[in-house]
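Undergrad: Below you will find the structure I want to go over with you.
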Amino acid sequence: MTIVAATKYVPPEDLGVLAEAGIGVVGENRAQDLEAKHALHGEAFRWHFIGHLQSRKAKAVSAICELVHSLDSESAAKKLEIPALVQVNLAGEESKSGVDPDELEAFVERCPVEVRGLSTMPPLAGDPEESRRYFRRLRALAEQLGLKELSMGTSQDYRVAAEEGATYIRVGSTLYGTRSR
């Protein structure tokens, strides 16, 4: 399992402490923040993109990252030059991106880039156990499609995600505490 340090609310100058702590993989949510952080820290980390990928940002993300955790559109897939995980909206939340589970197999078959696995973000819950059914379902979908990698779990529910087979866990507040947004 790989821990991805989610740095959405972390200023670029604060990333050095992650390198000192031995963190190897950093995940960023916004392409412009990714570029700024990469400009300062370059090869200190392996870079992943974990936010919503806009097709117009796919080229910039491809130039820096080794993996995208959040592919959910054919237009972005056509412009992407690196492997990806397809984000699945298992809860059907309108506020979240992701492919509908019923459309997943067809989406993966049409995808012009290498799809290594799936990712999901379950609804925010007070009890990490409430995320288990989403993680279990994502694992089952990945198995049906013959995909090996699963990006699921955050600071709130990473233990449950690990128990359900996560290969990537995205943690932010566990590393940095709660930041003002």
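Undergrad: Need one number: convex hull volume per residue for the chain, Cα atoms only, in Å³.
TA: Dividing the Cα hull volume of the chain by its residue count gives 111 Å³.
Undergrad: With r defined as the distance between the Cβ atoms of Glu43 and Ala162 and R0 fixed at 25 Å, what FRET efficiency is calculated, to the nearest 0.05? Please list the in-between numbers first.
TA: Values: r = 28 Å, r/R0 = 1.12.
After rounding to 0.05, the efficiency reads 0.35.
Undergrad: Further question on the same structure: Roughly how many nanometres apart are two label points built 7 Å out from the Cα toward the Cβ at Ser62 and Ser97?
TA: That separation, rounded to one decimal, is 1.6 nm.
Undergrad: So, one more: Once fully extended, how much extra length lies between Leu145 and Lys8, figured as 0.36 nm per residue of separation less the alpha-carbon to alpha-carbon distance?
TA: 46.3 nm
Undergrad: Work out the count of Lys pairs in the chain where the Cα-Cα distance is under 14 Å, with the pair 8 or more places apart or on different chains.
TA: Details: Lys8/Lys37; Lys57/Lys78; Lys57/Lys79; Lys59/Lys78; Lys59/Lys79.
Taking the chain as the scope, the lysine pair count is 5.
Undergrad: Here's another thing I want to ask about it. Set the Förster distance to 22 Å, then compute FRET efficiency between Ala36 and Leu175 from the Cβ-Cβ distance, nearest 0.05.
TA: Rounded to the nearest 0.05, the efficiency is 0.70.
Undergrad: Related question: May I ask you to give the percent of accessible area on the chain that is carbon plus sulfur, with a probe radius of 1.4 Å?
TA: Reported share for carbon and sulfur atoms: 45 percent.
Undergrad: Output wanted: per-residue J couplings in Hz (rounded whole) for the range 39-52, from phi through Karplus 6.51 cos²θ - 1.76 cosθ + 1.60, θ = phi - 60°, x for Gly and Pro.
TA: Whole-Hz 3J(HN,Hα) from phi for the range 39-52: 4, 7, 10, x, 7, 5, 9, 8, 9, 10, 9, 10, x, 5.
Undergrad: Determine the per residue accessible area of the chain with all protein chains present and a 1.4 angstrom probe, expressed in square angstrom.
TA: Heavy-atom SASA per residue in the chain reads 50 Å².
Undergrad: Using 7 Å Cα-to-Cβ label points, what is the Arg110/Ala21 separation (nm, one decimal)?
TA: 4.1 nm
Undergrad: Further, regarding this structure: Please give me the summed charge of the neighbours of Ser55: other residues whose Cβ is under 10 Å from its Cβ, Lys and Arg +1, Asp and Glu -1.
TA: So the environment of Ser55 carries a net charge of +4.
The values are calculated or read from the model by the stated rules, or taken from the named source; none is laboratory data. Keep in mind it's a predicted model, so treat the numbers as computed, not measured. Don't worry about glycine lacking a Cβ; one is built from the backbone with ideal geometry, like all the others, and counts go over all protein chains shown. Please note that ligands, DNA and RNA were not included when accessible areas were found on the heavy atoms of the full protein model with its side chains. Shrake-Rupley method; radii C 1.70, N 1.55, O 1.52, S 1.80 Å.
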